[in-house]
Each structure stands twice: as structure tokens, then as C-alpha cells.
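To start, the structure under review is shown below, and the notes come after it.
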Amino acid sequence: MSAPVRWPAEALWEAVVPRLPGFTVEILPEIDSTNTELMRRARAGRYEPTLLVAERQTAGRGRLGRTWHSAEAGEAGALPSLTFSLGLPLAPRDWSGLSLAVGVSVAESLQPVLPAPGTTPRIGLKWPNDLWLSDAAGDRKLGGILIETASFHDLHNASTTSPGAQATRYVVVGVGLNVLPRSPEGLSTRPGCLQELGPLDAPTALLQVAAPLVALLQGFAAQGFAPLQDRFAARDVLRGRTVVLSDGQSGLAQGVGADGALQVHTAQGLQAITSSEVSVRPTAAPPA
Ligand code: BTN
């Protein structure tokens, strides 16, 4: 039998609780999906700020109703993927660009400085919710983000909400990252993994990512996506590439706006793509 994974639960809690009173960390050996579980709890009226980590998901979910397949555990006991969801009440003025903001936070926590082209793989962001690794060998999907929200009923504060303020919702930010190399079988995009960047394991990666993510979500609630636009642009893997939208149109990706909408120059002119129903894929590798 393999040794149990050592999670830094206390260090995670200590790093986050000053920003998020009532915060708890839960590590489960197995669950259907960390997002599903926090959404279930929210629907049952449980809105505690929670970091829920699963060593294995049996029904992981991706965007647009897709399945998120974690890699199968290897012999050595190291976790092949990091899968977690962070749930907390949030009341941003504008929710647009949230998955992009989360991508910026996770990418920067794992790779604070973008390496020069042609050296280590860069962590890039593919609108709206993918983390990619890119280098001369091409693009690989490192991970993905799934954000869901549930309505929030705070009986204590119901009367203090000022007119015009956005309603608080319970937001569940789910993140799945490949840690170890995995087979590309059944995946639409070739997979990359954290170990291409160095000897990172799932617990260490989680400790790097969690507290900055909470801080960024709180900053996002106050200021929205606009202050993060340039940081997204620095890692935008679609910019300058021809993309195909799931509605059949194609065009040249020209970055994201201050609201997080993808700007695509199509035959119909410049379009701002915001729909969560639209998926985008690049047609070819970017120019060298
Ligand atoms: C995507 O690539 O479409 C998003 C994938 C998100 C996967 C993570 S793993 C933790 C959390 N629980 C889930 O069921 N999904 C997210």
C-alpha cells in the first residue's frame, strides 16, 4: 500500500484565515466532485468559506457539462492530479472575467516570473478557463477552472444590504491541475503537467496557490477584472492566433477587454465573445 499524502492543512489554514474568518480546510480521500459537494452544501444553506481538496474524484466536472478526468494514481503513491474547490460568499459589482482572474492567480502562484521563450515551458491562459503549458514543443493543457455560484441567504445581514449593491452569492471555484505526466487518451488537448516545471507535488502546489487565490478573489470583488487585464494579456495564449468558435465562426483573437470578453476579429467585424456557451480553439501553433 502507498504512503498517505501529507497535506499542509494547518499551514493552509494559517495562511488563509486572517483574510477569511471561519475558513476551514477539508481533505477527502475520495468524492464525486469537490464542486458538486460545495454546491450541495450551499443549496442546503451551508455557506462557510471552505477549501475542499479531494485526492480522487469519481465524477469530476469541467466547463460546458464536460467530464473532468483526473489521471489514475501511479504505483509510487504520489498524486497524479491536484483537485480542489474553494467556496466562499462574494459580492463583486460585476462577475465578468472571474474565471480569467482565477487563471491569472493560479498561473502566477505556480510561475511568478514568465520564463524567456525557449527555456522552461510557460504557464499560459487560454480564454476563458484553461491553464496551458507552452514551449517550442507546442501547447499542452495543464489544468482547468470551473466556477459555479449558488444564491446566498444571510439572515443576519439581509437588512443591511444597501440599495443598488450586488447580492452576495456563494461562489465555488474549482481547480484541477495535472501534476504527473498522463496519457493523452480520451483528451481533446494534449496534457501537460506541473512536473514539467520542476519537482512540484500536489500538496506543495496547493500551498502555493490557495492564499493568493483568496486574496485575488477579494480584490476582484472590490475592483473587478480590469486591473488584471494586463496580467492576463502577458499569458494570453490565443492572442494573435486564428480561433474557431463553437458556433462555427472563425477569426483572429485580439486579446481580452477590461470586462474579460474575448475580442475576435471575424468576417462580421470585431466581436466581443462573452457567452459561457461559446468554446474556442486555436487552429494552429502560434508563429515562432
Ligand atoms: C475544465 O477544464 O473545463 C474545468 C475543469 C475543472 C476541474 C476541477 S477539479 C476540482 C473541481 N471539481 C470538479 O468537479 N471540477 C473542478
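The table that follows gives values for the structure above.
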item	result
The chain - mean residue ellipticity at 222 nm from DSSP helices (-39,500 (n - 2.57) per run, n ≥ 4, rounded to 500)	-6000 deg cm²/dmol
Modelled FRET efficiency - R0 51 Å, residue 3 with residue 218, Cβ distances, 0.05 increments	0.90
Residue-by-residue Karplus 3J(HN,Hα) for the range 220-227, coefficients 6.51, -1.76, 1.60, Hz, glycine and proline x	4, 4, 7, 10, x, 7, 3, x
Å² of accessible area per residue within the range 26-68, as computed with a 1.4 Å probe and no ligands counted	48
10 Å-binned pair-distance histogram of the chain (Cα, whole percent)	6, 28, 36, 22, 7, 1
The range 75-152: GluC sites (Glu not before Pro) falling in loop per DSSP and having at most 14 other Cβ within 10 Å	75
Heavy-atom accessible surface of the chain: percent carbon and sulfur, 1.4 Å	53
Probe 1.4 Å, protein heavy atoms only - accessible area per residue of the range 197-259 in square angstrom	39
Taking N as its residue count, the alpha carbon Rg of the range 1-70 over 2.2 N^0.38 Å	1.24
³J(HN,Hα) computed for each position of the range 237-244 - Karplus, 6.51 cos²θ - 1.76 cosθ + 1.60, integer Hz, glycine/proline x	8, 8, 3, x, 10, 6, 10, 10
Of 145, 123, 273, the one that fluctuates the most in a GNM where the chain has Cα springs shorter than 10 Å	273
For residue 249, residues with placed amide H under 5 Å, excluding near neighbours	none
Assigned charges on the beta-carbon of Lys, Arg, Asp, Glu; the chain dipole about Cα centre (debye)	440
Alpha-carbon centroid distance for the pair the range 198-237 / the range 91-157, whole angstrom	7
Label point distance in nm, residue 119-residue 17, each placed 7 Å from Cα along Cα→Cβ	3.9
GNM flexibility winner over the chain from 180, 38, 200 (Cα, springs under 10 Å)	200
Additional length obtainable on full extension of the chain from residue 268 to residue 96, 0.36 nm per residue less Cα span	59.5 nm
The range 43-60 - phi-based ³J(HN,Hα) in whole Hz, Karplus 6.51/-1.76/1.60, Gly and Pro as x	5, 8, x, 9, 10, 5, x, 9, 9, 10, 10, 10, 6, 8, 10, 9, 8, x
Residues with amide H under 5 Å from that of residue 56, placed H, sequence gap 5 or more	30, 31
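The values are calculated or read from the model by the stated rules, or taken from the named source; none is laboratory data. Worth saying up front: this structure is predicted, and the values here are computed from it rather than measured. Neighbour counts are summed over all protein chains in view; Cβ atoms, including those assigned to glycine, are modelled from backbone coordinates with ideal geometry. Surface areas here come from the heavy atoms of the whole protein model, side chains and all, with no ligands, DNA or RNA. Shrake-Rupley method; radii C 1.70, N 1.55, O 1.52, S 1.80 Å.
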